[in-house]
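Novice: For reference, the structure I am asking about is given below.
The values are calculated or read from the model by the stated rules, or taken from the named source; none is laboratory data. For clarity, every value in this text was computed on a predicted model and none was experimentally measured. Cβ placement follows ideal geometry from the backbone for every residue including glycine, while neighbour counts extend to all protein chains displayed. Just the protein is used for accessible areas: all its heavy atoms, side chains included, with ligands, DNA and RNA removed. Shrake-Rupley method; radii C 1.70, N 1.55, O 1.52, S 1.80 Å.
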Amino acid sequence: MRLYLSSYKFGNFTDELVKLVGTNKRAAVIMNALDYGDPVRVSQSLEKQIAGLASLGFAAEQLDLRNYFGKKDELAQQMKEYGLVWVHGGNSFVLKRAYEQSGFDLIVADLVQKDELVYGGFSAAVVVITPTLKGVEIVDDPDIVPPMYQNEISLQGLGLIDYVVAVHYKSDHPESSAVDQYVEFCEKEKIPYKTLRDGEVIVVRGSDTRIHTL
């Protein structure tokens, strides 16, 4: 299993991402956590992700999970092409809905656990692969439901890691003050957690987990 989990954008350790992926430099960029946002700004953010990945040697393209809602088999076939899936941050609950409705949650968990794909991303991308989204409503609005999306959502995360991650911790980010409250919630509820400041990343390679701090 290979994971590159960043608090914000690509983080300060992109050389680790390049080493993690290996030879298959085809990358899928998932922007669905921003499906509620301004389309122009989302398009600009997509261009920045593709350009950033290109600077690291990746050939990246958008993979819009909305095109695969109810089409899990088609998505599974498409996912075989990539060496990396890069997931943009945004609203964790919107992203989780997209994962569920497309079957991406099951597909990516299978591919990652077989070590056939690297999962990378930042912010919401990290939140949804933890054991639970319980308490994340302190930071993200769970009631944002964009067109094509269902209200129903499971608060159970993908469980690719066995702790939750408080992203944007003690950072110059609009959500940072709410993240402090989220950490307090985790401590009160005895939920295992790690914190990431913007720029920091968690890199998982098999049984080896390393937190790259600033």
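Novice: Given Cβ point charges of +1 (Lys, Arg) and -1 (Asp, Glu) and nothing else, what value in debye, to the nearest 20, does the dipole of the range 36-190 about its Cα centre take?
Specialist: Once rounded to the nearest 20, the dipole reads 160 debye.
Novice: Carbon and sulfur atoms: what percent of the 1.4 Å accessible area of the chain do they account for? Walk me through the numbers before you get to the answer.
Specialist: Numbers: 4530 of 9800 Å².
Heavy-atom surface of the chain belonging to carbon and sulfur, 1.4 Å probe: 46 percent.
Novice: Expressed in whole Å with the largest first, what are the equivalent ellipsoid semi-axes of the range 8-59 derived from the C-alpha gyration tensor as the square root of 5 times each eigenvalue?
Specialist: Computed over the range 8-59, the values are 23, 11, 10 Å.
Novice: At what distance in angstrom do the alpha carbon centres of the range 1-15 and the range 82-160 lie from each other?
Specialist: Between the Cα centres of the range 1-15 and the range 82-160 lies a distance of 16 Å.
Novice: Right, next: Which of these, E100, E184, E61, has the largest mean-square fluctuation under a Gaussian network model of the chain (Cα springs below 10 Å)?
Specialist: Highest fluctuation among the options: E184.
Novice: Heavy-atom accessible area per residue, the chain, 1.4 Å probe: how many Å²?
Specialist: 46
Novice: Same structure again: Under a GNM of the chain (C-alpha, springs under 10 Å), which listed residue has the highest mean-square fluctuation: Q77, Q156, Q101?
Specialist: Looking only at Q77, Q156, Q101, the largest GNM fluctuation is found for Q77.
Novice: At most 16 other Cβ atoms within 10 Å and a DSSP loop assignment: could you name the chymotrypsin sites (Phe, Trp or Tyr not before Pro) in the range 137-177 that fit? Before the final figure, lay out the partial values.
Specialist: Details: sites: Y149, Y163, Y169; in loops: Y149, Y163, Y169.
Sites meeting the loop and neighbour criteria: Y163.
Novice: Could I get the Rg over Rh figure for the chain? Both from C-alpha atoms, Rh via Kirkwood, rounded to two places.
Specialist: 0.93
Novice: I want the antiparallel fraction of DSSP beta bridges within the chain, as a percent rounded to 5. Before the final figure, lay out the partial values.
Specialist: Details: 11 of 31 bridges.
Here the share of antiparallel DSSP bridges comes out near 35 percent.
Novice: Pick from N91, N32, N12: which is most flexible by mean-square fluctuation in a GNM of the chain where alpha carbon atoms under 10 Å apart are linked?
Specialist: Among N91, N32, N12, the largest mean-square fluctuation in the Gaussian network model of the chain belongs to N12.
Novice: Please compute the contact order of the chain in relative form: average sequence separation of alpha-carbon pairs under 8 Å and at least six residues apart, divided by the residue count, as a percent.
Specialist: Once divided by the residue count of the chain, the mean separation gives 29 percent.
Novice: Right, here's the next one. I'd like the projected area of the range 83-160, averaged over all directions, using the convex hull of its alpha carbons. Report it in nm² with one decimal.
Specialist: Values: hull surface 19.0 nm².
Answer in nm², one decimal: 4.8.
Novice: Please report the net charge: other residues with Cβ closer than 11 Å to the Cβ of K9, K and R +1, D and E -1. Could the numbers behind the result be given before it?
Specialist: Numbers: positive: K48; negative: D198.
It works out to a net charge of 0.
Novice: Return the loop-located trypsin sites (Lys or Arg not before Pro) in the range 139-210 (DSSP other than H, G, I, E, B) with at most 15 other Cβ atoms within 10 Å of their own Cβ; answer none if there are none.
Specialist: Sites meeting the loop and neighbour criteria: K170, K190.
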